[in-house]
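One structure is given here, and the rest of the page talks about it.
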Amino acid sequence: MSLLDTHQSQVKQAFFVTGTDTEVGKTFVSCALLAACADAGLSTAAYKPVSAGCDLTPNGLRNEDALLLQQASNIALAYNEVNPIAFEEPIAPHLACAKLVAMDKGKPIELSAIHKGFNALVAKQADVLLVEGAGGWRLPLGQNNNGQEQFLSDFAIAENLPVILVVGMRLGCVNHALLTAQAIARDGLKIAGWVANMLEPDMPFLEENIQSLQQLLTAPLLARLPKAHSPESVKASFKLHQLGLTM
Ligand SMILES: Nc1ncnc2c1ncn2[C@@H]1O[C@H](COP(=O)(O)OP(=O)(O)OP(=O)(O)O)[C@@H](O)[C@H]1O
Ligand SMILES: C[C@H](N)[C@H](N)CCCCCC(=O)O
Ligand SMILES: [Mg+2]
């Protein structure tokens with residue numbers, strides 16, 4: 001029985017949300033999907049295992065993505081349950097981590113800690129659990145104690161999570177989307193679907209680019225999100241039955 005099967009007995013469905021790059025709308029799309037699930041009467045939780053770019057507050061580091069995901073979840077979650085590994089600098093997390101380790105102010109990122117946080121959220125038994133990556137699919141986490149390079153995708157692979165791919169619609173996204181989809185498939189995971197996030201409404205041939213991706217990506221197009229003032233305002237873009245969340 002795969003890890004996911006074990007987990008699925010406790011959650012209706014967990015998804016790993018990745019994107020064609022950083023800043024393409026993983027958080028925005030995740031919050032919109034969480035709102036759509038809540039409207040459908042589903043209980044929701046979210047996880048941002050690794051964050052970089054945080055404010056230092058009296059309660060500790062706080063990442064904007066993680067706060068938005070915490071707020072968009074309708075199961076009450078403590079901040080550290082949502083985001084157990086946080087770095088202050090808005091840079092690649094493995095570099096932020098290496099800097100702290102070099103100054104003896106931190107320790108290497110451990111995949112086991114990411115799995116532990118995931119298992120704790122699975123135990124909350126939400127109908128839907130969204131895990132947001134950081135940057136793109138192959139996010140480095142630095143070396144483990146055996147000197148092996150680790151990636152956040154290793155976590156998704158080990159948990160056998162279906163993946164939602166957020167494509168930031170801008171020139172160059174077709175290549176990024178196809179390379180990401182290819183890597184996910186070669187990693188043995190299923191893409192549950194992809195989202196056309198229309199960050200740049202005036203992108204030339206926007207429709208033609210979306211149609212090209214529909215032809216070139218085998219996974220279904222889950223939603224076309226327009227540039228909007230809030231994730232809540234575009235939650236109706238999702239058809240939850242495509243994700244097996246409603247009949
Ligand atoms: N469809 C949209 N309409 C309006 N604003 C959007 C939309 N999608 C994303 N944004 C905005 O663009 C910025 C980047 O989006 P977001 O933070 O979701 O990207 P991300 O992929 O999660 O980035 P990161 O890699 O840092 O996690 C944010 O300010 C977000 O609010
Ligand atoms: C700081 C930024 N907003 C993201 N949270 C982290 C992006 C990491 C990108 C790593 C890479 O270059 O692929
Ligand atoms: Mg984000």
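The values are calculated or read from the model by the stated rules, or taken from the named source; none is laboratory data. A quick note: this is a predicted structure, and the numbers were derived from the prediction, not measured. Virtual Cβ from ideal backbone geometry, glycine too; neighbours counted across all protein chains shown. To get the accessible areas, we keep the full protein, side chains included, count just its heavy atoms, and leave off ligands, DNA and RNA. Shrake-Rupley method; radii C 1.70, N 1.55, O 1.52, S 1.80 Å.
For the reader, a short list of remarks on this structure follows.
- The residues packed around Phe238, meaning those with a beta-carbon under 13 Å from its beta-carbon, carry a net charge of +1 if Lys and Arg are +1 and Asp and Glu are -1.
- A simple packing score, the average count of other Cβ atoms within 10 Å per residue, orders the peptides 173-179, 144-150 as 173-179, 144-150, with the highest score first.
- Looking at the chain, the accessible area is 46 square angstrom per residue; that uses a 1.4 Å probe and ignores ligands, DNA and RNA.
- Apportionment of accessible area to carbon and sulfur, the stretch 13-243, percent (1.4 Å): 53 percent
- Put a dot 7 Å past the Cα of Lys239, heading toward its Cβ, do the same for Ser212, and the two dots end up 2.5 nm apart.
- Inter-label distance, nm, simple model (7 Å from Cα along the C-beta direction), Ala123/Ala185: 3.9 nm
- On the basis of the beta-carbon distance and an R0 of 35 Å, Ile91 and Asp39 show a calculated FRET efficiency of 0.45.
- In terms of packing, defined here as the mean over residues of other Cβ atoms within 10 angstrom, the peptides 72-85, 102-115 line up highest first as 72-85, 102-115.
- Cβ-defined net charge surrounding Gln148, 14 Å radius [Lys, Arg +1; Asp, Glu -1]: -3
- Gyration tensor verdict on the chain (Cα atoms; rounded if a/c is under 1.5, prolate if a/b is larger than b/c, oblate otherwise): rounded
- Förster radius 35 Å - calculated FRET efficiency between Ala158 and Leu100 (Cβ-Cβ, nearest 0.05): 0.90
- Neighbourhood net charge (10 Å Cβ-Cβ; Lys/Arg +1, Asp/Glu -1) for Ser43: +1
- Once the Cα-Cα distance is subtracted from the 0.36 nm per residue extended length, the Glu232 to Thr57 segment shows a gain of 60.3 nm.
- Rolling a 1.4 Å probe across all protein chains gives Val101 an accessible area of roughly 60 Å².
- Note, ³J(HN,Hα) from phi for the stretch 186-192, Karplus 6.51, -1.76, 1.60, rounded to Hz, x at Gly and Pro: 5, 7, x, 10, 9, 8, 5
- Amide H to amide H, with H built 1.01 Å from N, Gly106 comes under 5 Å of Val101, counting only residues 5 or more places away or on other chains.
- Cleavage-rule hits (chymotrypsin sites (Phe, Trp or Tyr not before Pro)) in the stretch 139-229: DSSP loop, at most 13 neighbouring Cβ within 10 angstrom: Phe205
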